[in-house]
Amino acid sequence: VIRFTDDLNKTRRLPPCSLIIHCAGRKPKEGIEVDDFIYSNVTANLNLANLARNIPVVYLSTMAVYVANSYGVTKLLGELILKEKHKNTIVIRLPKIIEGNADGDITISFNELGEKVIEAINSLSVKD
């Protein structure tokens with residue numbers, strides 16, 4: 001399991017697996033520079049696209065791609081890179097995944113998330 005986009009950018013080989021669920025990325029908060037968003041939301045996806053080969057990828061993105069700011073633009077670029085460079089990718093745009101209370105709680109339930117992931121997985125074609 002690769003837990004952070006920093007690790008994904010440093011990884012040269014993925015552990016054996018039959019499916020990748022990619023939900024890492026830099027979330028917006030004060031003090032984050034554009035370069036940090038590019039490194040975490042774009043460069044990491046390019047690295048993943050090159051490493052994944054024939055492994056299906058489910059990328060959990062965000063509805064923030066519709067917002068014209070550094071975060072939204074880099075999340076959209078990350079989606080486009082994965083879809084262009086790795087054809088066996090599906091993107092799920094989750095609402096409010098980055099919004100939470102002061103404790104950082106995610107506002108989407110695990111049931112909702114699980115249903116979306118299962119639906120996406122079922123739509124992928126698995127290549128041998």
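The values are calculated or read from the model by the stated rules, or taken from the named source; none is laboratory data. Since we're looking at a predicted model, the values are computed, not measured. When we count neighbours, we look across all protein chains shown, and the Cβ atoms used for this are built from the backbone with ideal geometry, even at glycine. Note: areas computed on protein heavy atoms with side chains; ligands, DNA, RNA excluded. Shrake-Rupley method; radii C 1.70, N 1.55, O 1.52, S 1.80 Å.
List every residue pair whose Cβ atoms lie under 8 Å apart, where the two residues are 6 or more positions apart in sequence or sit on different chains, the first residue falls within region 34-59 and is touching a residue at least 24 places away in the same chain (Cβ under 8 Å) and farther than 17 Å from Cys23 by Cβ, and the second residue, located anywhere, is outside any helix (DSSP H, G or I) and of a type in the set (Asp, Glu).
Within 8 Å, the pairs are Asn54/Asp128.
Considering region 74-90 alone, what residues qualify as being open to solvent by 20 Å² or more (accessible area, probe 1.4 Å) and assigned to a loop (DSSP other than H, G, I, E, B)?
Hit for region 74-90 is Lys87, nothing else.
Of everything in region 1-47 that's under 27 Å from Ile118 (Cβ atoms), part of a loop (DSSP other than H, G, I, E, B) and among the charged types (D, E, K, R), which residue is modelled with the lowest pLDDT?
That would be Arg3.
Output the residue which, of all residues in region 55-73 that are closer than 13 Å to Asn41 by Cα, buried (at least 21 other Cβ atoms within 10 Å of the Cβ) and not hydrophobic (A, V, I, L, M, F, W, C), is farthest from the chain's Cα centre (by Cα).
Tyr71
Do we find that Asn50 is part of a helix (DSSP H, G or I), modelled with pLDDT of 85 or more, polar (S, T, N, Q) and open to solvent by 80 Å² or more (accessible area, probe 1.4 Å) in this structure? Give the derivation first.
Values: part of a helix (DSSP H, G or I): yes; modelled with pLDDT of 85 or more: yes; polar (S, T, N, Q): yes; open to solvent by 80 Å² or more (accessible area, probe 1.4 Å): yes.
So Asn50 fits the description; yes.
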